[in-house]
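Beneath this line is the structure, given in structure tokens, with notes to follow.
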Amino acid sequence: MRYIGGLVVAVACAAVVISAQPASSPAARPAEMSHGGGLKNGPKPPGWQRVGPTEPGIVGNIAAHPSGAVYLASMGGGVRKSTDFGATWTSMNAGLPPGALSFAMDASGPDTVYVGVFSLSPPGGVFKSTDGGTTWELSPATANVVPLALEADPSNPGIVFIGALTGALRKTTNGGATWTIPFSGTSPIGSVQVDPKNGQNVYMATLAGAYRSTDGGENWTRMAALTAPNVWGIGIDPTSPNVLYAATNDDGVWRSMDSGITWQALSPPLTAYSVAVDPTYPNHIYAATRTGVWWSGDAGETWQPSGLTDRGAYSIVADSGVLYAGTTLGAAISYDHSATWIHADPGLGGAHAFSYAIATDPNTEGRLFASTIGSTIAVTTDAGATWQPSNEGYLSREVRGISVDPTDPSRVYAGSFYAAGLFKSVDGGATWQRRKFGSLAVYVWRPVVDPIQPNIVYTGTQGDGLWKSLDYGDTWTRLTGLPNTVQGITVDRANNSHVFASSSTGIWKSENGGATWTNVLTNPAWSVTFVDVASDIVYATSKTAGVFKSTDRGHTWFAINNGITNLTMGRSAPVVLDPENPKVLYVGSETGGGVYKSRDAGASWRQINLGLDTSVYGLVMDPFRPKTLYASGPTGVYKTLTGGEE
């Protein structure tokens with residue numbers, strides 16, 4: 001059997017390559033459709049309609065079997081299966097929540113498979129199928145685990161490893177009936193690899209270094225000679241398993257000739273996510289990097305870019321001269337040692353991207369950016385009718401949040417997943433440049449532009465605090481007095497020296513531009529929203545305690561949850577206000593609540609979910625049309641033209 005691992009993995013097409021078809025195009029839209037998506041001079045559709053984007057994000061593993069069975073897992077498309085070496089594909093998602101992160105095939109054969117799912121409602125975790133993906137069952141002990149990596153021992157049935165976002169490694173020896181946690185770290189585990197000739201040798205890559213086990217994963221030792229601080233993946237030479245390769249963040253590809261005891265840096269200082277050795281041509285080494293696929297024909301001594309350089313690549317698998325790559329724009333395959341590439345099952349059955357957040361351009365009607373998980377930035381200039389990738393130079397694994405300068409649509413800022421830093425565009429998202437700051441530049445949440453002085457930009461990070469720039473995001477200074485993780489920032493439009501920071505310890509307020517801070521709400525929080533410059537009313541969303549309101553510009557707070565039954569608020573779904581009627585509010589919930597609407601300034605709420613996937617991560621209002629809102633979540637972006645009303 002062949003197992004294709006890593007966080008983002010591609011799918012092969014052995015006989016027929018299916019061409020990508022856009023979900024909608026300008027030529028396909030009816031002439032009578034208005035720019036806002038409704039019929040001119042006619043009734044607007046009630047509730048919500050899904051509008052894209054259609055890049056599903058290849059973030060799961062692919063597993064293939066000599067019988068012709070091939071499985072692919074993706075965030076937007078879930079599990080896809082081929083029984084003819086990739087010529088045709090079928091979705092196998094009955095009983096699965098959306099958001100497939102990882103995949104593994106049991107050593108017993110192609111009918112026993114595992115998929116790791118990121119979902120809050122219903123709960124995610126690791127699901128198992130014993131009938132080739134026809135039905136799935138959640139392993140209860142893994143509920144709500146975020147399984148970044150899954151790896152099945154290729155020689156021993158029933159042995160499976162989970163590498164989690166939280167840094168815990170789980171192991172089962174009975175096919176998921178029970179699990180142990182032999183390793184508990186604090187850094188995401190991006191890859192677990194088992195020696196194909198000796199299952200006692202297991203290797204693990206984390207963003208705090210790489211580890212080795214010589215007893216089947218029960219005990220672990222850090223491979224200290226691999227001094228790169230962040231390791232994304234480990235590759236094993238299947239012909240000589242003592243030869244290992246490591247894919248590192250900004251430090252290129254490393255090699256060990258003695259099972260990880262000593263290491264040598266090989267490649268240029270690339271950011272590599274995955275590395276693979278071709279079993280038929282063991283001197284051919286391939287690396288998936290932020291700038292595409294690189295390869296070496298001399299066991300890593302020299303490196304050059306392949307024919308895939310127009311996008312980031314996040315996984316690479318070599319199998320007897322055939323290469324499979326997972327990229328920001330989907331799966332790719334090469335039959336000529338990486339010289340040329342073609343797409344494989346690019347549409348994934350019409351799947352939609354897992355949209356983490358959505359941002360409007362306040363300067364340009366109909367222009368929005370969608371941040372996605374496991375894919376790339378998507379942009380629409382026609383209010384969601386069509387979407388295009390905005391990924392040239394955006395070399396991160398995935399997007400966490402996007403902000404457009406309210407005074408200049410050419411300036412756009414994007415956060416990123418672990419160890420990628422912040423990205424800035426000066427041409428409206430056509431191209432991006434990376435800005436690094438902090439100790440590791442890890443996990444940048446949504447950057448925010450000061451609405452009064454747009455040269456001032458704030459951004460929070462996961463573990464590296466809050467940062468401030470005075471030169472449009474080119475250089476940064478860390479602000480002190482806050483928790484290490486800051487996930488939201490709001491600048492007071494009436495007085496930009498007043499800044500709010502949202503964190504796991506609540507909401508913090510500064511009245512001097514971030515020089516000092518006071519903790520004004522102790523509930524873990526996501527966001528703060530001002531009513532307007534003349535009002536002292538402020539709203540906040542919390543992580544698990546619903547919505548709060550302040551009538552003294554954020555000094556004191558009280559909960560306003562009458563009618564909100566799901567109190568886990570969307571992490572990129574702040575309270576949204578109707579500018580024509582400040583008593584009309586909207587807010588989103590991640591755990592099945594969907595979108596709630598209030599007509600009395602938060603005194604009471606009701607759900608408005610007709611046609612909507614009720615796991616809502618992001619929520620925005622069209623700045624030019626107050627009745628038009630967009631909600632984002634695991635199955636894409638949804639749009640309403642009626643304020644959500646039926």
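Summed over segment 473-485, the residues that are in contact with an Asp or Glu (Cβ under 9 Å, 6 or more places away or on another chain) and either buried (at least 18 other Cβ atoms within 10 Å of the Cβ) or closer than 21 Å to residue 544 by Cβ (or both) give a count of 2.
In the set (1) open to solvent by 40 Å² or more (accessible area, probe 1.4 Å); (2) aliphatic (A, V, I, L, M); (3) closer than 16 Å to residue 205 by Cβ, the condition left unmet by residue 261 is number (3). Of 227, 248, 221, 206, all but one fail to be within 24 Å of residue 165 (Cα to Cα) and without any contact (Cβ under 8 Å) to a residue 12 or more places away in the chain; the exception is 221. For segment 153-160, the criterion of being under 24 Å from residue 238 (Cβ atoms), in contact (Cβ under 8 Å) with a residue 60 or more places away in the chain and either open to solvent by 30 Å² or more (accessible area, probe 1.4 Å) or among the polar types (S, T, N, Q) (or both) is met by at least one residue. Every test in (1) β-branched (Val, Ile, Thr); (2) open to solvent by 30 Å² or more (accessible area, probe 1.4 Å); (3) under 29 Å from residue 247 (Cα atoms); (4) more than 25 Å from the chain's Cα centre (by Cα) is passed by residue 172 save one, and that test is (2). Selection of segment 532-558 for residues being small (Gly, Ala, Ser) and either open to solvent by less than 60 Å² (accessible area, probe 1.4 Å) or within 21 Å of residue 618 (Cβ to Cβ) (or both) yields 535, 540, 542, 545, 546, 550, 554.
Scanning segment 446-463 for residues that are open to solvent by 10 Å² or more (accessible area, probe 1.4 Å) and either part of a loop (DSSP other than H, G, I, E, B) or at pLDDT below 95 (or both) returns 446, 451, 452, 453, 454, 455, 456, 462, 463. Scanning segment 590-597 turns up at least one residue that is part of a loop (DSSP other than H, G, I, E, B) and without any contact (Cβ under 8 Å) to a residue 40 or more places away in the chain.
Taking segment 579-614 as the range and being open to solvent by 10 Å² or more (accessible area, probe 1.4 Å) and farther than 22 Å from residue 537 by Cβ as the test, the residues that pass are 591, 592, 607, 609, 610, 611, 612, 613, 614. Taken over segment 169-188, the criterion of being farther than 15 Å from residue 217 by Cα and of a type outside the set (Gly, Ala, Ser) is satisfied by 178, 186, 188. Can you tell me which residue in segment 63-92 is surrounded by the most Cβ atoms within 10 Å (Cβ to Cβ), limited to those that are part of a loop (DSSP other than H, G, I, E, B) and among the aromatic types (Phe, Trp, Tyr)? Out of the qualifying residues, it is 89. In a loop (DSSP other than H, G, I, E, B) and within 24 Å of residue 418 (Cβ to Cβ): does that describe residue 516? No, not satisfied. Within segment 191-237, being of a type in the set (S, T, N, Q), open to solvent by less than 40 Å² (accessible area, probe 1.4 Å) and in a loop (DSSP other than H, G, I, E, B) holds for 201, 230.
Could you tell me whether segment 527-538 includes any residue that is assigned to a loop (DSSP other than H, G, I, E, B), among the hydroxyl-bearing types (Ser, Thr, Tyr) and on the phi < 0 side of the Ramachandran plot? Yes; the residues of segment 527-538 include at least one that is assigned to a loop (DSSP other than H, G, I, E, B), among the hydroxyl-bearing types (Ser, Thr, Tyr) and on the phi < 0 side of the Ramachandran plot.
Restricted to segment 559-578, and to residues there that are aliphatic (A, V, I, L, M) and not in a loop (DSSP other than H, G, I, E, B), the residue that is most open to solvent (accessible area, probe 1.4 Å) is 559. Of all residues in segment 97-110, those being open to solvent by less than 30 Å² (accessible area, probe 1.4 Å) and within 25 Å of the chain's Cα centre (by Cα) number 8. Count of segment 628-645 residues, restricted to those that are part of a strand (DSSP E or B) and modelled with pLDDT of 95 or more, is 9.
The values are calculated or read from the model by the stated rules, or taken from the named source; none is laboratory data. In this text, all values refer to a predicted model and were calculated from it rather than measured experimentally. Positions of Cβ are backbone-derived with ideal geometry, glycine not excepted, and every protein chain shown enters the neighbour counts. Ligands, DNA and RNA are stripped out before the accessible areas are found, and what is left, the full protein with its side chains, is counted by its heavy atoms. Shrake-Rupley method; radii C 1.70, N 1.55, O 1.52, S 1.80 Å.
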